[in-house]
Amino acid sequence: MATYLNLLPGDVAPDFVQRSFQNPQFVFNSAAGRYLVLCFFCSASDPHGQAALQAMFERKDLFDDTFASFFGVTIDPTDDDPAQLTEQYPGYRFFLDLDLSVSRRYGVVDKDATELPPAPEIRRLWVVIDPTMRVMKLITFKTDQSDIAELTAYLDALPPPVRFSGLELQAPIIVLPNVFEAELCDRLISLYEADGGIETGFMRDEGGKTVAKIDRKHKSRRDFQIEDNALIKELQGRVNRRVVPEIAKIHQFHVTRMERYIVSCYSAEDGGHFRPHRDNTTKGTAHRRFAVSINLNADFDGGEVSFPEYGTRSFKAPPGGAVIFSCSLLHAVSKVTRGRRYAFLPFLYDDAAAEIRERNNKYLSEEVGNYRDTAPSPAG
């Protein structure tokens, strides 16, 4: 007898990475910040599935990637064909769940299923997810197809995503002024300008290894690596005295390590930006606990940090000020439209996370490089 996982409203929506038509490794939680509708129609050849898809494609007013996004999920290998299913942007994407990994997590098939089950053992359903990745509503497919009308009526009654909880949420972040003095900010900018920095990308797990990737559609930024030990000690001192105590007060977390000493530049000429992402999703970054974004200047437009799960508000700290947040939070940097945004961007963690970092050396590709433990201190 089949045994299913049963989700309930209020539960955290199971996260997953699965193949879509345009992305071989679509990270589902990167879509947070709007309503998400998962439709487990299971096969495009099924009349009920066809009716469900047609009804959704007729509601482009809902599925615009701002109010909501639609994700159809198929487990039919014959759907792996553009003639069967076509993604449309904005708003409409499809997961090819041929290994059943998503369907198992959402209770569509037996929790241990590894092969396509007979039709009677498939529980087709709709799942509506809120902007913070929690389940709002589940609707099972009904023989009279009334589930489609029920779903659309529910979506039509929803408030704007920013007020899904009944009030506008505040991102759980720390905004802290006066971390760096003006003279230190100017010195760091001068070091970057003298060097020019290099283009940097982001981390991704591929083939069991954490690799560095560059994709200017996802991220456009240049970084200068600080090597001067005396300057590094200065920077450590500011973070120790001004940032670490604030994290301890608010989160009861004792920082002992610091990773990365870089001056970063998001420039208008390069279209500088960073699309929504999280900072600890690979083997090579799993140890990161807090991100610190210290602005070094103010003469730029755009380049603001936002947290899509908690609304549309964006943050621009004054020169020398920091925005501090958990590395698990989805965040983005908007496109710089004028000037250059310079920032100092370290990560903070503790001794227990340092052990994780060292254990994960075996998963790092050559270009990422290995990490060796050092004496406990925010020097990292």
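Take the convex hull of the alpha carbons in the range 119-274; its mean projected area over all directions comes to 16.3 nm². The longest part of the chain holding none of the exposed loop GluC sites (Glu not before Pro), meaning those outside H, G, I, E and B in DSSP with at most 13 other Cβ atoms within 10 Å, is 270-365.
In terms of its C-alpha gyration tensor, the range 1-104 comes out rounded, because the ratio a/c of the largest to the smallest axis stays below 1.5. Can you give me the C-alpha center-to-center distance between the range 103-133 and the range 302-363, rounded to a whole angstrom? Measuring centre to centre over Cα atoms gives 34 Å.
Distances over 34 Å make up what percent of all Cα-Cα pairs in the chain? So the pairs more than 34 Å apart make up 36 percent of the total in the chain.
Where a ≥ b ≥ c are the square roots of the eigenvalues of the C-alpha gyration tensor, would you call the range 17-163 rounded, which needs a/c under 1.5, or, failing that, prolate if a/b is larger than b/c, or oblate? The shape class here is rounded.
Note on VAL243, VAL17: ascending count of other Cβ atoms within 10 Å places them as VAL17, VAL243, the fewest first. Each principal axis of the Cα cloud of the range 193-250 was taken in turn, and the coordinate range along them, longest first, works out to 39, 35, 21 Å. Based only on the alpha carbon positions, what is the Kirkwood hydrodynamic radius of the range 174-363, in angstrom? Result for the range 174-363 stands at 16.9 Å.
Only lysines eight or more places from LYS335 in sequence, or on another chain, were considered; those with a Cα closer than 16 Å are LYS217, LYS219, LYS316. Summarising the strand pairing of the range 28-142, around 50 percent of its internal DSSP beta bridges are antiparallel. Just tell me the longest site-free run in the chain, where the sites are trypsin sites (Lys or Arg not before Pro) in a DSSP loop having at most 15 other beta-carbon atoms within 10 Å. The longest uninterrupted stretch comes out as 218-312. Taking a sphere under 13 Å around the Cβ of PHE41 and counting the other residues whose Cβ falls inside, with K and R at +1 and D and E at -1, yields a net charge of -3.
Considering helices alone, the calculated mean residue ellipticity of the chain at 222 nm is -5000 deg cm²/dmol, with DSSP H runs of length four and up weighted by -39500 (n - 2.57) and normalised per residue. Converting phi to 3J(HN,Hα) with the Karplus coefficients 6.51, -1.76 and 1.60 and the offset θ = phi - 60°, the range 92-106 yields 10, 9, 10, 9, 9, 8, 6, 8, 6, 5, 6, 4, 5, 5, 9 Hz in sequence order, with x at every glycine or proline.
Quick note: the coordinates plus some simple rules give every number you see, no bench work behind them. These numbers were taken from a predicted model, which means no experiment stands behind them. In this analysis, Cβ positions are derived from the backbone assuming ideal geometry, glycine residues included, and neighbour counts consider all displayed protein chains.
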